[in-house]
Amino acid sequence: MSRSEDLYERAQRVVPGGVHSPVRAFRGLDSGPIFVESAAGARITDVDGNSYVDFCMAFGPLILGHAHPEVRAAVATALDRGWSYGAAESVSLELAELITNRVDFVDSIRFVNSGTEAVMSALRLARAATGRDKIVKFAGCYHGHTDAMLIKAGSGLAGLAVPDSAGVPQGVAADTLVAPLDDETKLTELFDHHGREIAAVIIEPVPANHGLLPQRTTFVQHVANLCRENHALLIFDEVITGFRLAFGGYAQLAGMHPDLVTWGKVIGGGFPVGAIGGRRELMEQFAPDGPVYQAGTLSANPIAMTAGLTTLQLLTDGEVFDRLESLGRYLDESLRGAPGLRLQRCGSLFWLSRDTTDAPATIRSTAAIPSNVGNGFRRIFSAALRNGVYLPPSPFEVGFLSTAHSRDDIDQLAGSLDRL
Ligand code: PMP
């Protein structure tokens, strides 16, 4: 028995499913989870001494790779000053200034501990600001595990084939309206029926939790127009895309100005950070100035803020995004023509599946292809793992490139998929 197998067996006795987040359990794959011992640059090493090129990258936060030396040094220095105050400090101020100076639709920002928390608070703010209850989300978009968003979500839920979660009250679910992606007509109809009740529409502008389902800009623009016409707020959930596609995320690339944005992952440089950003008059509604309660013992934790600040400072010159795009193009070239394999890519996000039909934009077209979900992905994942490449362990999770990846790493991935 390997050490990973042994640890997994022990973990299953004291932890639900042996893991603290479902996708980590490798369900539906050929092996149990690997237990990671250490990570540096583009590689992780497991407790059995196997080393892998890591294209999961902690599901997105590590745009600079594992244990980046500058982030590490900043965190080590910060530790000497203590690691939690529960009081105002200046690191979060520096991070807030860096972001508000560079993201033109964000005047004000509140830090939380996860993407889930950011979404939960953004929805509460939107409901308070509009005096309305209903939220529109899109089928296949994942917005964390707050009750109202566990309706037709993707990601771990899709992998487990559980469309909704148990334990979500009917009353909560009733205030969530679900629309299909890539469909102007359906969304218009929804607004025709419920326009005056809708507080906000939340969207991953590049949906990346049910595979990668890039949307037409005209569709996202249509969403924005309907929100404006109906006095509903537009929330971009850029937990994955923020500070990754560009410093200002999809909003910057598309030149769009959502009312609120939610961030996570890269903003904490691998530590637990989420954030809500938006216009001053909206954000002022949060306590203590306004009536919308929002709080956290560990919010803006100085160590996490230091990791986020150092990471984002290294992203400010834009060179990182060019580098990632060029690595992405190399990935396109390397995998082009691989038999029975489809690569969808958007910047440093990519999705591999055993399917060669047209690139999907909605979950219906994805879910209709069973080979993609079952054996197909299992074979991709196993072939990669056997050859020392660690992909996200679910058919619906996207892969992540970081600045620590090299062309050799991509060659290793391509080589492993040659022999599928
Ligand atoms: N929104 C999006 C778009 C996400 O991808 C995720 C997590 N993958 C979340 C929200 C929730 O973030 P967290 O896991 O940090 O709670």
Which value, in Å², gives the accessible area per residue of the chain when a 1.4 Å probe is used on the protein heavy atoms?
42
Just how much of His222 is accessible, in Å², when a 1.4 Å probe is used and the result is rounded to the nearest 10?
50
Build a GNM of the chain with springs between Cα atoms under 10 Å: which of Ala200, Ala87, Ala338 gets the top mean-square fluctuation?
Ala87
Anyone know which of Pro33, Pro339, Pro288 comes out most mobile in the 10 Å Cα GNM of the chain?
Pro288
Relative contact order for the chain: what is it in percent, counting Cα pairs under 8 Å that are at least 6 residues apart?
22
Expected sort for 342-348, 100-106 on mean C-beta neighbours within 10 Å, highest first, is 342-348, 100-106
Sum of -39500 (n - 2.57) over DSSP H runs of 4+, divided by residues of the chain (222 nm, nearest 500):
-10500 deg cm²/dmol
Point-to-point label distance, Thr45-Thr188, nm (Cα→Cβ direction, 7 Å offset):
5.9
Distance from segment 97-136 to segment 244-303 (C-alpha centre basis), Å
6
Can you give me the distance in nm between label points at Asp107 and Thr316, each placed 7 Å from the Cα along the Cα-to-Cβ direction?
2.3
Between Arg27, Arg81, Arg244, where does the largest GNM mean-square fluctuation fall for the chain, given springs only between Cα atoms within less than 10 Å?
Arg81
Ranked by accessible surface with a 1.4 Å probe, highest first, in what order do Glu189, Glu397 come?
Glu189, Glu397
Hey, can you grab everything whose amide H is under 5 Å from the amide H of Gly274? Only 5+ residues off in sequence or another chain; H modelled, so Pro and N-termini drop out.
Val112, Asn113, Ser114
Place a label point 7 angstrom from the Cα of Asp133 along the Cα-to-Cβ direction, then list the residues of segment 192-209 whose backbone nitrogen is under 13 Å away.
197-199
Distance in nm between pseudo-label sites at Arg3 and Trp83 (7 Å out along the Cβ direction from Cα):
2.2
First compute the accessible area of the chain with a 1.4 Å probe, then give the percent of it belonging to carbon and sulfur atoms.
50
Qualifying lysines (Cα of each under 21 Å from Cα of Lys152; at least 8 residues distant if same chain):
Lys134, Lys137, Lys186
Using θ = phi - 60° and the Karplus relation 6.51 cos²θ - 1.76 cosθ + 1.60, list the HN-Hα couplings for segment 267-277 in order, rounded to whole Hz, with x at every Gly or Pro.
4, x, x, x, 9, x, 9, x, 7, 10, x
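The values are calculated or read from the model by the stated rules, or taken from the named source; none is laboratory data. It should be emphasised that the depicted structure is a prediction, and the values quoted were computed from it without experimental measurement. Don't worry about glycine lacking a Cβ; one is built from the backbone with ideal geometry, like all the others, and counts go over all protein chains shown. When the accessible area is computed, the model is the full protein with side chains, heavy atoms only, and any ligands, DNA or RNA have been set aside. Shrake-Rupley method; radii C 1.70, N 1.55, O 1.52, S 1.80 Å.
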